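Peer 1: Attaching a single structure in structure tokens format; questions to follow.
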Amino acid sequence: MPILHSAPKAELHLHLEGSIEPATLSELDPGLELDEIKAKYEYAGFAGFLAGFKWATSFLRSPGDYGLITRRLLTSLEQQNVRYAEITLSAGVVLWRKQDFAPIYDAVRYAAAGSSVIVYWILDAVRHFGPDHAMEVARLAAERVNDGVAAFGIGGDEARGPAEWFHDVFDFARRQGLRLTAHAGETCGPESVWRALEIGAERIGHGISSASDPALLRELRDRNIPLEVCISSNIATGAVADLTAHPVRRLYDAGVPIILNSDDPAMFHTTLTREYELARDHFGFSQGELLDLAESSFRHAFRYTK
């Protein structure tokens, strides 16, 4: 269906470091074999994915490496007619690896400046590293709120980093003019989404467990809080057993705002276009509904203006 390629789209849940294709990773480290990389990009559960993500980021050794993967990602987005993107940069991982964040951010900003895609950045803290770590990332984001950073978010293992740890961090980020997002309801139940809402999350990364809580579905619908749905990601990490178990159709039919995203496209063997194809081919989304999803991706962006 041409609409999947021709319709303008935005992508709002997209991790830069998860976009490194095997060929690009072998370019960053010629000692790596493609078969080794591909094996690392297959997962046994969410913990296996986190280990693979950690492994892939270990080859990002310089600002130039970050600039390269940014250019490659934006080329892919341009080919899919993505007009706007809020790309998550794992600032928490940069700090954990004791790298200097400023030149890395300058490199990705410079790389993005040459693209037709309008790019803003979400700086992401690793929630299972705790609130002090998250506050470090929030301060980095606050310093750049007028230099391309749209939002602050928390990712990582929600079971080991409960949302209530981050109340003060989110309050600080909000007061600095940052928008707020949180991964929640991906590997934990709907209570994780409730906690994310309580600390002020304006968008929920994944949020698929919300489907089991009618009161939460009403809350999300009535407050117009979108779920950043990533179908292929949820299957690859075992968050859902298979395509038939994914609740994307139920969430949409319940009136919850949803946005389709690729999450970590290289690591989950997908693209944003493919996520729309899955919605059409496996969940019966009509052309009109696909257009609604594409329009919703702009409507729920933090910084998009027509």
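Peer 1: Somewhere in segment 22-32, is a residue in contact with a strand residue (DSSP E or B) (Cβ under 6 Å, 6 or more places away or on another chain) and at pLDDT 95 or above? Please lay out each step first, then the result.
Peer 2: Step one: filter segment 22-32 for residues in contact with a strand residue (DSSP E or B) (Cβ under 6 Å, 6 or more places away or on another chain), giving none.
No, there is no match, as no residue in segment 22-32 is in contact with a strand residue (DSSP E or B) (Cβ under 6 Å, 6 or more places away or on another chain) and at pLDDT 95 or above.
Peer 1: Also, I was wondering about something else. Report whether or not residue 301 is assigned to a helix (DSSP H, G or I), touching a Phe, Trp or Tyr at 6+ places or on another chain (Cβ under 7 Å) and modelled with pLDDT of 95 or more. So that I can check it myself, show each step before the final result.
Peer 2: Numbers: assigned to a helix (DSSP H, G or I): no; touching a Phe, Trp or Tyr at 6+ places or on another chain (Cβ under 7 Å): yes; modelled with pLDDT of 95 or more: yes.
Against the criterion (assigned to a helix (DSSP H, G or I), touching a Phe, Trp or Tyr at 6+ places or on another chain (Cβ under 7 Å) and modelled with pLDDT of 95 or more), residue 301 does not qualify.
Yes/no per residue for (1) under 30 Å from residue 299 (Cβ atoms); (2) surrounded by 18 or more Cβ atoms within 10 Å (Cβ to Cβ); (3) more than 22 Å from the chain's Cα centre (by Cα):
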residue: 4; (1), (2), (3): yes, yes, no
residue: 11; (1), (2), (3): yes, yes, no
residue: 18; (1), (2), (3): yes, yes, no
residue: 33; (1), (2), (3): no, no, yes
residue: 60; (1), (2), (3): no, yes, no
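Peer 1: Sticking with this structure for a sec: Any residue at all in segment 272-289 that's within 20 Å of residue 69 (Cα to Cα), of a type outside the set (A, V, I, L, M) and either within 20 Å of the chain's Cα centre (by Cα) or crowded, with 19+ Cβ neighbours inside 10 Å (or both)?
Peer 2: Step one: filter segment 272-289 for residues within 20 Å of residue 69 (Cα to Cα), giving 272-273.
From the residues that got through so far, the ones that are of a type outside the set (A, V, I, L, M) too are 273.
Pick out the ones that are also either within 20 Å of the chain's Cα centre (by Cα) or crowded, with 19+ Cβ neighbours inside 10 Å (or both) and you get 273.
Yes, because at least one residue in segment 272-289 is within 20 Å of residue 69 (Cα to Cα), of a type outside the set (A, V, I, L, M) and either within 20 Å of the chain's Cα centre (by Cα) or crowded, with 19+ Cβ neighbours inside 10 Å (or both).
Peer 1: Moving on. Closer than 16 Å to residue 16 by Cβ and of a type in the set (Gly, Ala, Ser), is that true of residue 90?
Peer 2: Values: closer than 16 Å to residue 16 by Cβ: yes; of a type in the set (Gly, Ala, Ser): yes.
Criteria met by residue 90.
Peer 1: Which condition number in (1) more than 20 Å from residue 200 (Cα to Cα); (2) free of Cβ contacts under 8 Å to residues at least 24 places away in the same chain is the one that residue 132 fails?
Peer 2: Residue 132 satisfies every listed condition except (1).
Peer 1: Considering only residues of segment 128-146 that are assigned to a loop (DSSP other than H, G, I, E, B) and within 20 Å of the chain's Cα centre (by Cα), which is surrounded by the fewest Cβ atoms within 10 Å (Cβ to Cβ)? Working first, answer last.
Peer 2: Going residue by residue through segment 128-146, those that are assigned to a loop (DSSP other than H, G, I, E, B) are 130, 144-146.
Within this subset, residues satisfying the condition of being within 20 Å of the chain's Cα centre (by Cα) are 130, 144-145.
Details: 130: 14, 144: 18, 145: 16.
Within segment 128-146, the match that is surrounded by the fewest Cβ atoms within 10 Å (Cβ to Cβ) is 130.
Peer 1: Considering each residue of segment 18-62, count those that are charged (D, E, K, R), under 19 Å from residue 89 (Cα atoms) and part of a loop (DSSP other than H, G, I, E, B), and give that number. Working first, answer last.
Peer 2: The first filter runs over segment 18-62 and keeps only residues charged (D, E, K, R), leaving 21, 27, 29, 33, 35-36, 38, 40, 42, 54, 61.
Still in the list and also under 19 Å from residue 89 (Cα atoms): 21, 54, 61.
Retained after the next criterion (residues that are part of a loop (DSSP other than H, G, I, E, B)): 21, 61.
Selection size over segment 18-62: 2.
Peer 1: Scan segment 259-305 residue by residue and report those that are among the aliphatic types (A, V, I, L, M) and within 20 Å of residue 18 (Cβ to Cβ). Please lay out each step first, then the result.
Peer 2: Pass one, segment 259-305, residues among the aliphatic types (A, V, I, L, M): 259-260, 266-267, 272, 278-279, 290-291, 293-294, 301.
Residues satisfying the conditions are 259, 260, 266, 267, 272, 278, 301.
Peer 1: Inspect segment 125-148 for any residue being modelled with pLDDT of 95 or more and under 18 Å from residue 229 (Cβ atoms) and give the result as yes or no.
Peer 2: no
Peer 1: Can you pull out the residues in segment 84-106 that are in contact (Cβ under 8 Å) with a residue 40 or more places away in the chain and surrounded by fewer than 19 Cβ atoms within 10 Å (Cβ to Cβ)?
Peer 2: 95, 97, 103, 106
Peer 1: Okay, next question. Answer yes if at least one residue in segment 292-301 is crowded, with 21+ Cβ neighbours inside 10 Å and polar (S, T, N, Q), and no otherwise.
Peer 2: Taking every residue of segment 292-301 in turn, at least one turns out to be crowded, with 21+ Cβ neighbours inside 10 Å and polar (S, T, N, Q).
Peer 1: Pairs only if they're at least six apart or on different chains, beta carbon under 8 angstrom, first in segment 236-255 and under 22 Å from residue 53 (Cβ atoms) and in contact (Cβ under 8 Å) with a residue 24 or more places away in the chain, second aliphatic (A, V, I, L, M) and buried (at least 16 other Cβ atoms within 10 Å of the Cβ); list them, first residue then second.
Peer 2: Pairs that qualify, where the first residue is under 22 Å from residue 53 (Cβ atoms) and in contact (Cβ under 8 Å) with a residue 24 or more places away in the chain and the partner is aliphatic (A, V, I, L, M) and buried (at least 16 other Cβ atoms within 10 Å of the Cβ), are 236/267; 239/208; 240/208; 246/208; 246/231; 246/235; 246/240.
Peer 1: Go through (1) over 19 Å from the mean Cα position of the chain (by Cα); (2) touching a residue at least 60 places away in the same chain (Cβ under 8 Å) for residue 221 and report which single condition fails.
Peer 2: (2)
Peer 1: Being among the aromatic types (Phe, Trp, Tyr) and farther than 14 Å from residue 303 by Cβ is the filter here, so list the residues in segment 144-182 that pass it. Write out each step before concluding.
Peer 2: Taking segment 144-182 first, the residues among the aromatic types (Phe, Trp, Tyr) are 152, 165-166, 170, 172.
Matches in segment 144-182: 165, 166, 170, 172.
Peer 1: May I pose another question? Exactly one of (1) crowded, with 20+ Cβ neighbours inside 10 Å; (2) out of contact with any strand residue (DSSP E or B) (no Cβ under 6 Å at 6 or more places or on another chain); (3) in a helix (DSSP H, G or I) is unmet by residue 161. Its number?
Peer 2: If we test residue 161 against (1) crowded, with 20+ Cβ neighbours inside 10 Å; (2) out of contact with any strand residue (DSSP E or B) (no Cβ under 6 Å at 6 or more places or on another chain); (3) in a helix (DSSP H, G or I), just (3) comes out false.
Peer 1: Sticking with this structure for a sec: Any residue in segment 109-117 that is among the charged types (D, E, K, R) and either at pLDDT below 95 or closer than 29 Å to residue 164 by Cβ (or both)? Give the steps one after another, and end with the answer.
Peer 2: Initial filter on segment 109-117 (among the charged types (D, E, K, R)): 109.
Filter once more, so that each one left must be either at pLDDT below 95 or closer than 29 Å to residue 164 by Cβ (or both): none.
Checked against the condition, which is being among the charged types (D, E, K, R) and either at pLDDT below 95 or closer than 29 Å to residue 164 by Cβ (or both), segment 109-117 yields no hits at all.
Peer 1: So, one more: Looking at segment 19-33, I want the residues that are at negative phi and have a partner that is in a helix (DSSP H, G or I) and among the small types (Gly, Ala, Ser) with Cβ atoms under 8 Å, at least 6 apart or on another chain. Which pairs are those?
Peer 2: The qualifying pairs are 19/76; 20/56; 25/56; 32/26; 33/26.
The values are calculated or read from the model by the stated rules, or taken from the named source; none is laboratory data. Predicted model, so just to flag it, every value in this text is computed and none were measured. Please note: Cβ atoms are built from the backbone with ideal geometry, for glycine as well, and neighbour counts cover all protein chains shown.
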